[in-house]
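A short write-up of the structure that comes next.
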Amino acid sequence: MIIRQSTIILLLALASLFLVSARVVRLNEVIETSHQNEIKEAIDENEDELLDEEEEKIEDEEKNNWIELEDEDEDEDFDASKLRPISFSSNYSNRDLSELSAEEVYNGLPADLGMFPFVVYIQINKRYFCTGILYDKDSVVTAAHCVHPKFFQIYNAQANTIIVRAGSTNRIRGGQTSVVSKYVVHPDFEAQTFSNDVAVLKLKTPFQLNADKYYTDAAKFSSSKLKPKSDYWLAGYGLTTSSDQQEGYPVSLQYGKLAWQKSKVCEDAYSQTKRKIDPKGEFCAGGGKEDMSGCRGDSGGPLVTAKSEKDLMKGKVQVVGMLIYGINCGGPNIFTSLKNNNKVWKFIKKNV
């Protein structure tokens, strides 16, 4: 009887131990399964994040398509004096230069070396030219319509070869030159209205920056709001007068004082095109009493501010905007703000 009781107790103990072991195994299985699920969820989440990042990257690349250019060096024998300026208005797209009269172009002054060390001359396809702003040693900011493929359809061409000249006030010689390796235009650029009219060009060979030695330096940008009674100056290589050599094409860099205008002045002047000014990122200037304004070839040129004309002559200036649109040379022009235009400035900062 005692043996039987001991046996029963032993069996009960073994059974209890078995049940405990089974529960432990089951608990381990549950924990392991739970851990595996957590790992799987983490992997799935990570994969989702990676996919999202990849999609964002692809979307970003699609929006900011860098256009690679031909690896071509400058032709020293090429005569740059015969280049034609790019139009800054769709109204000029099919218009012959001979139609321009002296009253339609602005009366600028030749700039001295050192006044605008960040202003560059942009030669496109050995046929056309624009003005640009040197952001740093290998990045140039200019108007998108100077290089945009849609705009170049007007000329039955495309921007295959672009050469930039810096450190000179002569568009034909002097200073430093570099070939553009690639460029990107703002993804929201509108070819009809010229809104978001900005592009970034990357140089194959960086420029040497030294305002005193090379007359070349990066631009300084101002975030100050424009004031009606302040003085502003535009610099560019655009047309001056029809009596100039090459039918009004200046060889030297020109500059002129422009008056700030209310938006309505530009909108009234462009009533036939129904072009409106975006108060968040554009402004109107030029075409005042002295009829100073930008013209063909000044596209991409900077509008600057200085504390005094003495500072202007010494190159102590800050860029407040860039010329993008006009109809009548001598009339008011539309400028895009740069540092004060979040959409444009964000694009520039991202791509330089």
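Below is a table of values for the structure above.
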item: Total residues in the stretch 309-340, condition of a type in the set (Ser, Thr, Tyr) and at pLDDT 90 or above; result: 2
item: Selected residue [closer than 30 Å to residue 287 by Cα, of a type in the set (A, V, I, L, M), modelled with pLDDT of 95 or more and surrounded by 17 or more Cβ atoms within 10 Å (Cβ to Cβ)] from 147, 105, 141; result: 141
item: Enumeration of residues in the stretch 262-277 that are at pLDDT below 90 and not β-branched (Val, Ile, Thr); result: 269, 270, 271, 272, 274, 275, 276
item: Strands (runs of 3 or more DSSP E) contained entirely in the stretch 296-352, each with at least 1 residues that are under 19 Å from residue 269 (Cβ atoms) and of a type in the set (Gly, Ala, Ser); result: 318-325
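The values are calculated or read from the model by the stated rules, or taken from the named source; none is laboratory data. Since we're looking at a predicted model, the values are computed, not measured. Note that we place each Cβ from the backbone using ideal geometry, even for glycine, and neighbour counts take in every protein chain shown.
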